[in-house]
Amino acid sequence: MRKILLPFLLLPLAVLSLSAQSLSLRPEAYLGEYSQYEGNIPSPTRPPKGFKPFYISHIGRHGSRFAVGTEIYEEMRAVLSDAARDGKLTPEGERLREKYEAFYPYVAYRGGDLTRKGQEQHRMIAQRMVRDYPEVFRGKTSATVRSTPVPRVILSMFAFLDRMKEMDPDIRYDADAGYVHVTVLDPMDETNPAYVTNKPMSPEAKASHAAYFHAMVDLDGLTDRFFTDREYLERRYGRWHFFEYLKKIVIDIPSLDEVPPEAMTGVFSDRELQNLYRHRNYYLYLKYGPSPLTDRKYMYETWSTLEDLILSAERDIAEGTALNLRFSHDSCLLPLFSLMGLNGFGIVTTDPEEANANWKGYDVPMAANLQLVFYRNRRGEILVKPMLNGHDATLPFPPADGPFYRWTDFQAFYLPVIAESKRFMAQYAE
């Protein structure tokens, strides 16, 4: 199937393929966007001769957290308790309820909160930045720092800044958090003053996801394992809703502190987790990616984030600011990477397996980050090296040398993407 990595171009609709292509997933990749930030990061690639780093533009996701949503843990407990009271649990369902009751005290009323592990991830990222790019931190370094108003993101920001300040005591920064920054840091959030209401997902996209979901997930089998009455669960909570929440609770356990290793083990098999990941990842591709089956509104909406990366760099370089640090969410990074065509996120396809093989939610783990490291030589030429989670990343236009791209090429490629996105959003709002 033909692939195009320019995310703002359309393809004709193709026939849906449910091939059995192997994704060769690592076990931790079953976690998708609930994956943990990898600590084994290589040393920075050496720049071309004569170039030295002088500026870093960073946008990162909050660190590891409790499962998102204040209601997720409470509703799960209520459903299992009610089903037990009504005699609707199988023996395996009763074991699940007992296991959950033992687990519940660790997570009660903590939905969405940052964990200590999440703070440590950001301290580690800050430490590596200071260690790997000492030229940027030489002398009195100044930084612009912004966060969305969500507590887990604010705490991530200050964990990052605390470690940076420990390593470079004379750094100066202007840190701010608030709804005013949502326009850039999470533009698809409804609190964005410029937010435009979504249109319904197209029938083609719904049909494609439904077909893939039923090919991947044995919903009847999952229900019958834990419940004696399918219709009871459907009426009480919704079967898909129940197992989607249960999966999120299970795969979030690596994010938590001081939870026994055996907590909630054995609820799903490895194959079930893999298939649940695959359907979820394809759904996120339809929602956030450049799928020709959807209007790609979320992706185009991140034009403001991409524009900020460019305009802030121009301003910061002119003013001598060494760092621009942004703290956000996966709901911003996934569509942003799609708009940029970063690594494989620009894949345009109607095949769920091809989408999953290239557009990988686990590449935006907890504490995921994109860093644009700027290098300059004595002639004033500027190169930029994109890094995703500490690894050299690729962009959909030719590099100047290895993972290094000319800043002028970066601007020349993405400014038309921004302009096209603005035109789309103007028409979408009509």
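For helix 116-132, report the angle its Cα long axis makes with the longest principal axis of the Cα atoms of the chain; keep it between 0 and 90° and round to the nearest 10°.
Value to nearest ten degrees: 20.
Give me S338, S43, S421 sorted ascending by neighbouring Cβ count inside 10 Å, so fewest comes first.
Working: S338 27, S43 9, S421 23.
So the ranking, lowest neighbour count to highest, is S43, S421, S338.
Between E262 and A102, what length comes free when the chain is fully extended (0.36 nm per residue of separation minus the Cα-Cα distance, one decimal in nm)? Could the numbers behind the result be given before it?
On the way: separation 160, 0.36 × 160 = 57.60 nm, distance 1.08 nm.
Separation in residues times 0.36 nm, less the Cα-Cα distance, equals 56.5 nm.
Charges on Cβ only, +1 for Lys and Arg, -1 for Asp and Glu, centred on the Cα centroid of the range 234-361; of I347, W359, Y283, which one is farthest towards the dipole's positive end?
Result: Y283.
Can you give me the pair-distance distribution of the chain, C-alpha pairs, 10 Å bins, whole percents?
Pairs per bin, as whole percents: 4, 21, 30, 26, 14, 5, 1, 0.
Assigning unit charges at the beta carbon (Lys, Arg +1; Asp, Glu -1) and nothing else, what dipole magnitude in debye, to the nearest 20, does the range 173-248 show about its Cα centre?
That gives a dipole near 340 debye.
Say a paramagnetic label sat at a point 7 Å from the Cα of A207, along Cα to Cβ; which residues of the range 281-324 have their backbone N under 14 Å from it?
Answer for the range 281-324: 293-294.
Quick one: helix 239-251 against the long Cα principal axis of the chain, what's the angle to the nearest 10°, folded into 0 to 90?
Helix 239-251 and the main axis of the chain meet at about 60 degrees.
Pulled fully out, how much extra length does the chain show between D220 and Y173, if you take 0.36 nm times their separation in residues and subtract their Cα-Cα distance? Spell out each step's value before the answer.
Working: separation 47, 0.36 × 47 = 16.92 nm, distance 5.43 nm.
11.5 nm is the gain from fully extending D220 to Y173.
Give me W240, W303 sorted ascending by neighbouring Cβ count inside 10 Å, so fewest comes first.
Working: W240 13, W303 23.
Arranged by neighbour count, lowest to highest, W240, W303 become W240, W303.
Cα centroid distance between the range 196-229 and the range 349-381, in Å?
Cα centroid of the range 196-229 versus Cα centroid of the range 349-381: 29 Å apart.
Specify which residue in the list Q121, T197, L185 is farthest towards the positive end of the charge dipole of the range 115-204, using unit charges on the beta carbon of Lys, Arg (+1) and Asp, Glu (-1), about the Cα centre.
Q121
If one takes the longest principal axis of the Cα atoms in the chain, at what angle in degrees, from 0 to 90 and to the nearest 10, does the Cα axis of helix 407-428 lie?
50 degrees
Between Q127 and D162, what length in nm is gained on full extension when 0.36 nm per residue of separation is reduced by their alpha carbon distance? Mind dumping the intermediate values first?
Values: separation 35, 0.36 × 35 = 12.60 nm, distance 1.00 nm.
Here the segment from Q127 to D162 would lengthen by 11.6 nm.
Arrange the following residues from fewest to most other Cβ atoms within 10 Å of their Cβ: D224, D189. Kindly include the intermediate steps, with their values, before the conclusion.
Working: D224 15, D189 19.
Result, fewest neighbours first: D224, D189.
Test of understanding: in a Gaussian network model of the chain with alpha carbons linked when under 10 Å, which of I317, I154, I418 would top the mean-square fluctuation ranking?
I317
Take the Cα of A78, step 7 Å along the line toward its Cβ, and report every residue of the range 207-244 whose backbone nitrogen sits under 19 Å from that point.
Correct set: 232-244.
Per residue of the range 171-176, what does 6.51 cos²θ - 1.76 cosθ + 1.60 with θ = phi - 60° give for ³J(HN,Hα)? Whole Hz please, x for Gly and Pro, Karplus curve as stated.
5, 10, 9, 10, 9, 8
Rule-based calculations on the coordinates, nothing more; no lab input. All values reported here derive from a predicted model rather than from experimental measurement. Virtual Cβ from ideal backbone geometry, glycine too; neighbours counted across all protein chains shown.
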